[in-house]
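Trainee: Handing you this structure, nothing more for now.
The values are calculated or read from the model by the stated rules, or taken from the named source; none is laboratory data. Just so you know, these numbers come straight off a predicted model, no measurement behind them. So basically every Cβ, Gly included, is an ideal-geometry build from the backbone, and we count neighbours across all protein chains shown. Areas reflect the complete protein model, heavy atoms only, side chains present, ligands, DNA and RNA absent. Shrake-Rupley method; radii C 1.70, N 1.55, O 1.52, S 1.80 Å.
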There are 2 protein chains.
Amino acid sequence: MSWLNFFRSQKPEAPSASAAKDRLQIILAHERVSRDGDDFLPKLQKELLEVVARYVKIDADKVKVDLERGQGMSTLAIGVELPGNGTAKRSAA
Amino acid sequence: MSWLNFFRSQKPEAPSASAAKDRLQIILAHERVSRDGDDFLPKLQKELLEVVARYVKIDADKVKVDLERGQGMSTLAIGVELPGNGTAKRSAA
């Protein structure tokens, strides 16, 4: 499956000017078959955002987090609306 | 959309014993509207795996990376097959 095509298909046909923003989505899916597999997604969340924040400015109130837990699987979805110019903080050295 | 339901629907009906493994999928989608939005996904890849490796043992040859770049959007998909017991390295202190 092409994730590029998948996410393109999720985009609204003609986003209004206000809706058209630089956006980053981070989705984690942890499939646990073994009973003792630890559910570490909630612990990962903070550190993942810290890594991303090294590359692009992140506004805490522009971050949406959705954690779902089920039998043998957990998912963590982090949506970040990036500042308009989305310029990377860490320019190529 | 529920990511938990989405990833559940991706799972084979009755995985053979050998296929049933603890697995972690990390998918990033970076939507760039502004022309100067830097494509930082390739730079993120290594650091994201370093964060995950603090929580679970990662075998370098069990990591599959798929980077796709298109007009105004890039996606990075990292699939990690986790060791059988998938026990977290960093147990609750």
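Trainee: Mind giving me the FRET efficiency for B:Leu49 and A:Ala20? R0 is 30 Å, r the Cβ-Cβ distance, nearest 0.05 is fine.
Mentor: 0.45
Trainee: Could you state the per residue volume, in Å³, of the convex hull enclosing the Cα atoms of segment B:21-81?
Mentor: On the way: hull volume 4.7 nm³, N = 61.
Cα convex hull per residue, to the nearest whole number: 78 Å³.
Trainee: Additional query: I'd like the accessible area for A:Met1: 1.4 Å probe, protein heavy atoms, all chains in place, Å² to the nearest 10.
Mentor: Result for A:Met1: roughly 130 Å² accessible.
Trainee: Okay, moving on. Accessible area of B:Lys57, 1.4 Å probe, to the nearest 10 Å²?
Mentor: 120 Å²
Trainee: How would B:Leu28, A:Leu67 rank on accessible area, largest to smallest, probe 1.4 Å?
Mentor: From most accessible down to least: A:Leu67, B:Leu28.
Trainee: Here are some pairs, A:Lys64/B:Lys64; A:Lys62/B:Lys43; A:Lys21/B:Lys11; A:Lys11/A:Lys46; A:Lys62/B:Lys46; which of them have Cα atoms lying more than 29 Å apart in this structure? Write down the numbers at each step before the final one.
Mentor: On the way: A:Lys64/B:Lys64 27 Å; A:Lys62/B:Lys43 22 Å; A:Lys21/B:Lys11 32 Å; A:Lys11/A:Lys46 27 Å; A:Lys62/B:Lys46 25 Å.
Checking Cα-Cα distances, A:Lys21/B:Lys11 exceed 29 Å.
Trainee: Turning to a different aspect of this structure: How much of A:Arg23 can a 1.4 Å solvent probe reach, expressed as accessible area in Å² and rounded to 10?
Mentor: Roughly 80 Å² of A:Arg23 is accessible to a 1.4 Å probe.
Trainee: Just reorder A:Ile58, A:Ile27 by solvent-accessible area, largest first, 1.4 Å probe, all chains present.
Mentor: A:Ile58, A:Ile27
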